[in-house]
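The values are calculated or read from the model by the stated rules, or taken from the named source; none is laboratory data. Predicted, not measured: the structure shown is a model, and the values here were computed from it. Glycine also receives a Cβ, built like all others from the backbone with ideal geometry; neighbour counts cover every protein chain displayed. Heavy atoms of the whole protein, side chains included, go into the accessibility calculation; ligands, DNA and RNA do not. Shrake-Rupley method; radii C 1.70, N 1.55, O 1.52, S 1.80 Å.
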Amino acid sequence: MTRYLHADLAERYFLEDLPGATQLGARLNGILLKIDAGEQVTALQRQFLAKSGLHALITLADGKTTLGEFRAAAEQEQAARIEEAAVKALKDAAEFSERAEAKAAAVKATFAAMANDPTLRRKREAKELRQRFGVGYIESEDYPRAMALLRQVANGQRLKVGDLAWLKTEAEYCWTDELQKAWHRLEAQALTEAWERTGDAWNAVNASGHWRKAGEAERALSLTGKAMERTSLSPKLQSALSTTRGGAMRDLRRLEEAEALGRQADSLTPADYRPCTLLGAVLLERGDVAGGHDWYAKAEQMGASRKAIDQDLRSLLVRLPSQERQRICDYLIAEDPERFAWLLGRRESRERGQGQVTKARLA
């Protein structure tokens, strides 16, 4: 209720446009209350009113004008104040807009200068390049060569054998999954072009392997399909094409077709371990653990490195459901505990995890 009384007071004296007129405790509000009560204003209060441009109110407080004359004069003063405030608001808005535009222009100019600064541009491009290939911090002694090789791959240029070996050994922390995929894609493209240009199907075999590692198994299938249409292929070449095509089928979870291609390749080159590793992986993934183990054992006997087979097994196990993964581990350990001792850690880790879950449930 008090707020409405003060608003009515300000309106009565044509001062509702001034916040201090309605704000309880404000200096102007106190003076209005005093005038409205018929009390005399002090010299300081009169000075405040004059400074505020409220001359009509001064004359009223001093008893030098009638109420009608006051209203006319006060209304004119209020109209002048409102107009002045509107003009000031427009001016302030224009000045604010100008300042904002100037600030935006300055920021834009700063960024433009930064973009044109050779040093900053090189730093930004280097950061973007590392992010693209998932490469973090690079040791200072490796930085120039590593960045040059990243740029080379980004520009679609194949790596030299020496540079590739350096990345895989001396700067292995830069040989990220992203960089590997990009490199495999470059190699696959180059070998595919070589196959199309020369008709040498061995280029198609090698390109297929790179397409698979680049995550593009469909392109490997398309390529090997065309190559296998050739009629003058040696058994060794036919076997290699069937094996890599079977691997692409396996990537795409077309396991029955992958197995058929693996068996075809093995029949063509029974002394080659590569079809054996394909069949070992495919049979394990199809649930034939004994058959998969036998094919892997045969591959190792025929020259496949144990390290490569174990790496293949690791990749395979990661993709399988936990129950199937454990079934394979249990079988292999039972068949040859020494050979597959590295799987014991995986099984013990699983058992510990199950024990913790059981304890949590009992708790």
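A compact table of results
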read-out: Identity of the residue in the stretch 166-207, in contact (Cβ under 8 Å) with a residue 40 or more places away in the chain and touching a Gly at 6+ places or on another chain (Cβ under 8 Å), that ends up nearest to V135 (Cα to Cα); value: T176
read-out: Condition met for A363 (out of contact with any Gly (no Cβ under 8 Å at 6 or more places or on another chain), at pLDDT below 90 and among the hydrophobic types (A, V, I, L, M, F, W, C)); value: yes
read-out: Selection count, the stretch 77-104, where residues are among the β-branched types (V, I, T) and over 30 Å from T59 (Cα atoms); value: 0
read-out: Failed criterion for T277 (all others in (1) open to solvent by 70 Å² or more (accessible area, probe 1.4 Å); (2) under 37 Å from the mean Cα position of the chain (by Cα); (3) at pLDDT 95 or above hold); value: (1)
read-out: The stretch 54-68 residues that are closer than 15 Å to A10 by Cα, paired with ones that are exposed (fewer than 11 other Cβ atoms within 10 Å of the Cβ) and modelled with pLDDT under 90 (beta carbon under 8 Å, 6 or more apart); value: L60/L67
